[in-house]
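Beneath this line is the structure, given in structure tokens, with notes to follow.
Values in this text are rule-based calculations from the coordinates and carry no lab data. Everything quoted here is computed from the prediction, not taken from an experiment. Neighbour counts run over all protein chains shown; Cβ positions are idealised from the backbone, glycine included.
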Amino acid sequence: MQGASDLQELWKAEEEIPFSGWDFSYLDGRMLLDQPPWSYTARAKELMGRASSVLDIATGGGERLLEMQDSWPTKVAATEGYSPNFALASVRLGPLGVRVVAADSDEFSPMPFADGEFDLVINRHAALHLDEIGRILAPGGTLLTRQVHGMWAHDLLAVFGAYPQWPDASPRKYVPWLKRVGLELVDRREWSGTLAFRDVGAVVYYLKAVPWLVPGFSVDAHLDGLLALQRQLETRGLLAFKAINYLLEARKPIGLRAT
């Protein structure tokens, strides 16, 4: 194993690499993520083909929404609460006619949209305020969401003495909530696989890009854990952790009005 001081400097350089939008292309070939057998993007495009309006919640830099541009309906809107990503999404999506709104994604803040404004609401890996989603969906409208399970990569977090902040973020929480707001569950899919890294520097970049996993993460503060991962890497050749995703699709009945 390289000396700890040399590794520390190498990892601190990774820590300084900028991250924007929701683009992990910097880790191509270094971070390996299994994919579920179902496609959120394909289903979202299919639903867009039946809709006249769509809202993308927490669009990041607009990366995923742009992938679906050939299926956009007439009216397209997106929210983003992180100011650097909001600026990036505005530059990318605004000229294409998308209304980009600065709004936090959480489970309690009102959404700045009218009752029944959207035929389709899509949400990839963002908080679900189902009361508000139910309100802004038009009768007959659809919610499609792909979510990271609250126990995502819990074994990676444990290396640094961290624990998932939202361990209950799972279908067990959200399916009953859907029913409480009057939405009908159309599809529910759950999947588990592997999130793997070929080097510890990739772990550093990932944890800086996703800061809620290990709050306050830094190379200096978490050096012991990083060195433990380096030893594990040299023994196993790959760092592998638990990845858990799920997909929910729900429909607002024709006769249901906003409350």
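Kirkwood radius for region 1-138, taken over all pairs of different Cα atoms as the inverse mean of 1/r, rounds to 16.7 Å.
For a paramagnetic label modelled on Val91 (point 7 Å from Cα along Cα→Cβ), amide N atoms under 18 Å away belong, within region 43-84, to 59-67, 80-84. Label reach from Leu238 (point 7 Å along Cα→C-beta): in region 7-34, amide nitrogens under 19 Å belong to 27-34.
Evaluated at q = 0.18, 0.21 Å⁻¹, the base-10 log of the normalised Debye intensity for region 16-88, with identical point scatterers placed on the Cα atoms, takes the values -0.85, -1.03.
Compute and list, largest first, the equivalent-ellipsoid semi-axes of the chain from the alpha carbon gyration tensor, each √(5λ) rounded to a whole angstrom.
Working: eigenvalues 263, 77, 49 Å².
With the √(5λ) rule applied to the chain, the semi-axes are 36, 20, 16 Å.
Mind checking the full-extension length gain between Thr194 and Glu46? Use 0.36 nm per residue of separation minus the Cα-Cα distance, one decimal, nm. Intermediate results must be reported in sequence, preceding the final value.
Working: separation 148, 0.36 × 148 = 53.28 nm, distance 2.76 nm.
Gain on stretching Thr194 to Glu46: 50.5 nm.
Helix 200-209 axis versus longest C-alpha principal axis of the chain: approximately 40°, rounded to the nearest ten. What the Cβ-Cβ distance of Ser170 and Ser39 gives, at R0 = 22 Å and to the nearest 0.05, is a FRET efficiency of 0.60.
Among the listed pairs Lys208/Lys252; Lys45/Lys242; Lys45/Lys173; Lys12/Lys173; Lys75/Lys208, which have their C-alpha atoms separated by more than 31 angstrom in this model? Table pairs above 31 Å Cα-Cα are Lys208/Lys252; Lys12/Lys173; Lys75/Lys208. In region 110-182, the alpha-carbon atoms span a convex hull of 92 Å³ per residue. Note on Trp212 and Ser109: their simple-model spin labels are 1.2 nm apart, each label 7 Å out from Cα toward Cβ.
A helix-only calculation puts the chain at -9500 deg cm²/dmol for mean residue ellipticity at 222 nm, using -39500 (n - 2.57) for each DSSP H run of at least four residues, averaged over all residues.
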